[in-house]
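Undergrad: Handing you this structure, nothing more for now.
Nothing in this text is a laboratory measurement; each read-out follows from the coordinates by a stated rule. Quick caveat: nothing in here was measured; it's all calculated off a predicted structure. Ideal geometry is used to build each Cβ from the backbone, glycine not excepted, and the neighbour counts take in all protein chains shown.
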2 protein chains.
Amino acid sequence: MALGDMIVVERNEQGIAQVLEILRNAFGDRFQTGNSIREQHGHTTTYLPNQMPDGVVFPENTEEVQTIVRACAAHRVPLIPFGTGTSLEGHVNAPGGGISLDTSRMNRILAVHAEDLDCVVEPGVTREDLNRHLRDTGLFFPIDPGANASLGGMASTRASGTNAVRYGTMREAVLSLKAVMADGEVVRTAGRARKSSAGYDLTRLLVGAEGTLGVITELTLRLHGIPQAISGGVCPFPTLEAACQAVIATIQMGIPVARIELVNALQMKAINTYSKLDYPESPCLFLEFHGSDAGVAEQAELFAMIAEEQQGGPFMWTTVAEERNKLWKARHDSYWASFVLRPGAKGLSTDVCLPISRLAECVAETEADIEANGLVAPIVGHAGDGNFHTLVLMDPEDRDEVAKVEAFVARLNERAIAMEGTCTGEHGIGQGKSGFMRREHGHGVDVMRTIKKALDRDNIFNPGKMIAG
Amino acid sequence: MALGDMIVVERNEQGIAQVLEILRNAFGDRFQTGNSIREQHGHTTTYLPNQMPDGVVFPENTEEVQTIVRACAAHRVPLIPFGTGTSLEGHVNAPGGGISLDTSRMNRILAVHAEDLDCVVEPGVTREDLNRHLRDTGLFFPIDPGANASLGGMASTRASGTNAVRYGTMREAVLSLKAVMADGEVVRTAGRARKSSAGYDLTRLLVGAEGTLGVITELTLRLHGIPQAISGGVCPFPTLEAACQAVIATIQMGIPVARIELVNALQMKAINTYSKLDYPESPCLFLEFHGSDAGVAEQAELFAMIAEEQQGGPFMWTTVAEERNKLWKARHDSYWASFVLRPGAKGLSTDVCLPISRLAECVAETEADIEANGLVAPIVGHAGDGNFHTLVLMDPEDRDEVAKVEAFVARLNERAIAMEGTCTGEHGIGQGKSGFMRREHGHGVDVMRTIKKALDRDNIFNPGKMIAG
């Protein structure tokens, strides 16, 4: 598989023309076809080429989404849900043209049920919007993929991020969804009960479906109480292996760590340069603990002992919010920081996830592979989940380099799958990883295709993504 | 909907005869057609009538399951996976006859990955078998539905039980499944990574599918470290309302309670009589806390304060294993204890689950309904999840009584669904609740039927269950 091997989607010119006409009449200036807005609604985040939709529509409620879906279904025109466009795998590209459904006007927080620790939101609400809204309730929404993504988009890619090790991913965070299916009908996948054994788990089927099965128009999300106390800090290690062993020991001892992030030496250098910091430029773990005052101190001290056993440390930790925020801002900026290592380059982010026992081995082999091939590719990882990213900095115009990067990515994904892992822990398949689905899922791909075909016969929802063959 | 309104499944006599012949030849005395074994493989747990399969086959591995599936598929004969037969909703009944696939010989524990906190088992392994096997590893499998059910059966009904409030349900516990689909092909739904964004969540689609989409032949399950310390106890309350308010406060404060079980006054009376105990015969909470020595004491003391605020208490708690075991044995025996209230009766267990804020209201209305209709029906609940059971004791031969119980169950399920809950938190739909699917899921039932039809065109897998219309 080559990175450029996208799934081809034929353009249906006649259908597109008809849908443009319908949406223009129905949505007035909430339907736009200008070049810049169309380009902005194609993929803009990585080296993947931009593929513009033919128009962008801004619905304000479920009924309007039904109108759009019915128009696209009647004329067999692609419909691509759009949140904030922060996908790293080309999810919002329009390889066969069609309509981008921008959810930014569906941004109401419909209910906060503090007693039930849940809330109901529209898909265009971003995670930062939600947490701002919750500020005075003592509750928060924990899933944090770095970017200020929309919650609809986060559900669609089964996103997670730095604190999934404690709070889970969007798989666990979504209690229920409302969605418009290809027949234009609305499904509500569940009530608000914490658990249910009533029928197929349609919630979990739509979470991670990347907009290929329906358009999410409402989400019921689990919330958590803001912890009484938070402690955190950075801990250097002599080797990556030692850092990974400390992670395994922490998880095995049942320390309820909220965040445990692996950053390799090269990435530490980039962070220091970009954020003007002076952390040790060796492999480090960034940690955070949530709990009672006594609890977070106990957790931090337990971890310090674990680190020492691995010749790591000193583990400098603090409960002072300002210092912790500085630390996590640096960690979150690491994507952008990486570009100081090769100014002007485009980035390709990998996203393998493994059983944690294989993490050290996989990271070490990957570092060796990067070095052997002369690539510039710092590493950060959500180590508690066995998930790590390399950001390969490349010149997409240099064919030889692209070929080398393609081969590297293929080896990395193969390595992870062979270790019983996955090619994507949290970014999704989109266009960029569709070529690895067969290797990872075998006959499962046929099952997925059967489901897709049964629920979206004419392949109108986000065609050209996820299932390649 | 009446409780007797089962989905009718036509018998395919010719196909059944052919499959009996095939299995007899292929499995020898691991295929049985004697009356008593067939009856034992129909439903035997509740008032639901027994419907025998035509034969029972005991495969020993995935390949043998493929042989059986292919035979049933070729001749359009029902295939009903069987674990230990503890379903409360008639899941193992054979309304159109066919083959019961007994997984009891697929009972190997294939791997324990201590570093990754997971294990790989065959579906016939029971949860007690697994925990016995894990005893020396410092790990345990937490999901505990009471019965010593098979893990394949627990996955199929999305089971949970008393400590789901802390450790989640089978939805969270299953990392990956191997299953034989209707085309006879094997699917492995995922690797062993903690999280993945690679394609549709086939794991969660099969968990809770009640054997209607495929036959599970292998499960990868998450394990947890045995907590350093455990505390627990029983706390009486003046009213059910007060007990439920204490539960809400406990969850909201983020106390990581491992078990928080509601038992009403009538059930306490049954428990005392059956287990020769002298607990207060008022509404009670049974609690358990897991953590460090200091942690479990802190949690128990915090809860005691919450209880006091609700005029509850005294909360007598202990860390002594023997006393705790006595307490939980009494709680787990409550199903059988109930029958002392009406010896010779048959039981019907309800299973609604609600947003926790509605729990007190729903339990109170249900108690009033029970009293107004002169029913004998004690209540126990997994209160931390908003899930509670009534065990209605009835004479299934008394038509008037059956009608009265049917109307009661319909009102209870309607009450829960109207409160944004579900008619089943953990038992599944099976035959007993299929009539409530449309009310609970609306158009979602059509989506489920579309999926079922796409993946099992000839409806061979457990027909007559779950989706009625």
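Undergrad: Can you list the residues of segment B:259-280 with backbone N under 17 Å from a point 7 Å past the Cα of B:D333, pointing along Cα to Cβ?
TA: Counting backbone N atoms under 17 Å from the label point, the list is B:267-280.
Undergrad: Where both partners of a DSSP beta bridge lie in the protein assembly as shown, what percent of those bridges are antiparallel, to the nearest 5? Walk me through the intermediate numbers first.
TA: Details: 106 of 124 bridges.
Just about 85 percent of them are antiparallel.
Undergrad: Right, another one. Starting from the exponent 0.38 and prefactor 2.2 Å, build the expected Rg for segment A:34-193 from its residue count and divide its actual Cα Rg by it. Could you put the intermediate results ahead of the total?
TA: Numbers: Rg = 16.1 Å, N = 160, 2.2 N^0.38 = 15.1 Å.
Normalised by 2.2 N^0.38 Å, the Cα Rg of segment A:34-193 equals 1.07.
Undergrad: Quick one, can you get me the convex hull of the C-alpha atoms of segment B:124-233 expressed as volume per residue in Å³?
TA: On the way: hull volume 12.4 nm³, N = 110.
Hull volume normalised by residue count: 113 Å³.
Undergrad: Same structure, new question: Work out the count of Lys pairs in chain A where the Cα-Cα distance is under 27 Å, with the pair 8 or more places apart or on different chains.
TA: Close lysine pairs under the 27 Å cut-off: 24.
Undergrad: Evaluate the relative contact order of chain A (contact order divided by residue number), counting alpha-carbon pairs under 8 angstrom at least 6 apart; express in whole percent.
TA: Working: 1008 pairs, mean separation 78.3, N = 469.
Answer for chain A is 17 percent.
Undergrad: Over the Cα atoms of chain A, compute the convex hull volume and normalise it per residue, giving Å³. Intermediate results must be reported in sequence, preceding the final value.
TA: Numbers: hull volume 66.7 nm³, N = 469.
Hull volume over Cα atoms, normalised by residue count, gives 142 Å³.
Undergrad: Now a separate question. If I take R0 = 30 Å and measure r between the Cβ atoms of A:T44 and A:E371 in this structure, what FRET efficiency does the formula 1/(1 + (r/R0)^6) give, to the nearest 0.05? Show your work: numbers first, answer last.
TA: Numbers: r = 31 Å, r/R0 = 1.02.
With a Förster radius of 30 Å, E is 0.45.
Undergrad: Kindly put A:D446, B:D144 in sequence by how many other C-beta atoms sit within 10 Å of each C-beta, fewest to most.
TA: Working: A:D446 17, B:D144 23.
In increasing order of surrounding Cβ atoms, one gets A:D446, B:D144.
Undergrad: Within a 10 angstrom radius of each residue's Cβ in A:439-451, how many Cβ atoms of other chains show up on average? Whole number is fine. Working shown, then result.
TA: Numbers: counts 0, 6, 9, 4, 6, 13, 3, 4, 15, 6, 2, 6, 7.
Taking the mean over all residues of the peptide, I get 6.
Undergrad: Another question, if that's okay. Between segment B:425-442 and segment A:237-268, how far is it from one alpha carbon centroid to the other, in angstrom?
TA: 45
Undergrad: Here's another thing I want to ask about it. So how do A:K178, B:K404 line up by other beta-carbon neighbours within 10 Å, fewest first? Mind showing how you got there, number by number?
TA: On the way: A:K178 21, B:K404 16.
Final ranking by Cβ density, sparse to dense: B:K404, A:K178.
Undergrad: Okay, next question. How high is the relative contact order of segment A:146-235, in percent, counting Cα pairs under 8 Å that sit 6 or more residues apart?
TA: Numbers: 115 pairs, mean separation 30.7, N = 90.
Normalised by residue count, the contact order of segment A:146-235 is 34 percent.
Undergrad: Report the one residue of B:A270, B:T319, B:A246 whose Cα lies farthest in the direction of the positive end of the charge dipole of segment B:229-336 (charges on C-beta: Lys and Arg +1, Asp and Glu -1; origin at the Cα centre).
TA: Going by the charge dipole, the pick is B:A270.
Undergrad: Can you list residues from other chains, or at least 5 along the same chain, whose modelled amide H is less than 5 Å from the amide H of B:L139?
TA: Residues meeting the criterion, in which the H sits 1.01 Å from N, are B:I226.
Undergrad: Next question. In debye, nearest 20: dipole of the protein assembly as shown around its Cα centre with unit charges on the Cβ of K, R (+) and D, E (-)? Don't skip to the answer; put the middle values down first.
TA: Numbers: 86 positive and 118 negative charges, 270 e Å.
With Lys and Arg at +1 and Asp and Glu at -1, about 1300 debye.
Undergrad: If you don't mind, another one. Taking the Cα-to-Cβ direction at B:E241 and at A:M253 and moving 7 Å from each Cα, how far apart do the two end points lie in nm?
TA: 4.7
Undergrad: Something else about it: With runs of 4+ DSSP H residues as the only contributors, calculate the mean residue ellipticity of chain B at 222 nm using -39,500 (n - 2.57) per run, divided by the residue total and rounded to the nearest 500.
TA: Details: 17 runs with 169 residues, N = 469.
Estimated from H runs of four or more residues: -10500 deg cm²/dmol.
Undergrad: Continuing with this model, one more query. How many nm separate the modelled label positions at B:R105 and A:A114, each set 7 Å beyond the Cα in the direction of the Cβ?
TA: It is 6.0 nm.
Undergrad: What residue among A:Y279, A:V340, B:V9 has its Cα farthest toward the positive end of the dipole of the protein assembly as shown, where the charges are +1 on Lys, Arg and -1 on Asp, Glu, each on the Cβ?
TA: B:V9
Undergrad: Between copies, how far apart are the A:V8 label points? List them in nm, one decimal, shortest first, with each point 7 Å from Cα toward Cβ, please?
TA: Those label-point separations list as 5.2 nm.
Undergrad: While we're on this one: Using DSSP to call loops (not H, G, I, E or B), can you name the chymotrypsin sites (Phe, Trp or Tyr not before Pro) in segment A:137-241 whose Cβ has at most 15 other Cβ atoms within 10 angstrom? Display every interim value, and only then the final one.
TA: On the way: sites: A:F140, A:Y167, A:Y200; in loops: A:Y200.
Answer by residue number: there is no such site.
Undergrad: Could you work out the mean count of beta carbons from other protein chains within 10 Å of each residue's beta carbon in A:166-178? The partial results should precede the final answer.
TA: On the way: counts 0, 0, 4, 4, 2, 8, 4, 0, 0, 2, 1, 0, 0.
Going residue by residue through A:166-178 and averaging, the value is 2.
Undergrad: Taking the label point 7 Å from Cα in the Cβ direction, how far apart in nm is B:R457 from each other copy of itself, listed shortest first?
TA: List, nearest first: 1.5 nm.
Undergrad: Okay, moving on. Please label the shape of segment A:340-469 as rounded, prolate or oblate, based on the square roots a ≥ b ≥ c of the eigenvalues of the alpha-carbon gyration tensor (a/c under 1.5 means rounded; beyond that, a/b larger than b/c means prolate, else oblate). Before the final figure, lay out the partial values.
TA: Numbers: a/c = 2.28, a/b = 1.46, b/c = 1.57.
Oblate.
Undergrad: Give me B:E122, B:E39, A:E371 ranked fewest to most by other Cβ atoms within 10 Å of their Cβ, as a rough exposure proxy. Spell out each step's value before the answer.
TA: On the way: B:E122 24, B:E39 14, A:E371 11.
Listing B:E122, B:E39, A:E371 from fewest to most nearby Cβ atoms yields A:E371, B:E39, B:E122.
Undergrad: Another question, then. Starting from the Cα coordinates of the protein assembly as shown, work out the convex hull volume and express it per residue in Å³. Don't skip to the end; give the middle numbers.
TA: Values: hull volume 148.2 nm³, N = 938.
Expressed per residue, the convex hull around the Cα atoms of the protein assembly as shown is 158 Å³.
Undergrad: Any idea what the A:P314 label distances to the other copies are, label 7 Å down the Cα→Cβ vector, nm, shortest first?
TA: Label point to label point, same position, other copies: 4.8 nm.
Undergrad: Let me ask something else about it. Evaluate peptide B:249-257: per residue, the Cβ atoms of other protein chains within 10 Å of its Cβ; return the mean as an integer.
TA: Details: counts 1, 0, 5, 7, 3, 10, 1, 2, 0.
Mean number of neighbouring Cβ atoms from other chains: 3.
Undergrad: How far apart, in nanometres, would the label points at B:Q14 and A:D398 be if each is projected 7 angstrom from Cα along the Cα-to-Cβ direction?
TA: Between B:Q14 and A:D398, the simple spin-label model gives 7.0 nm.
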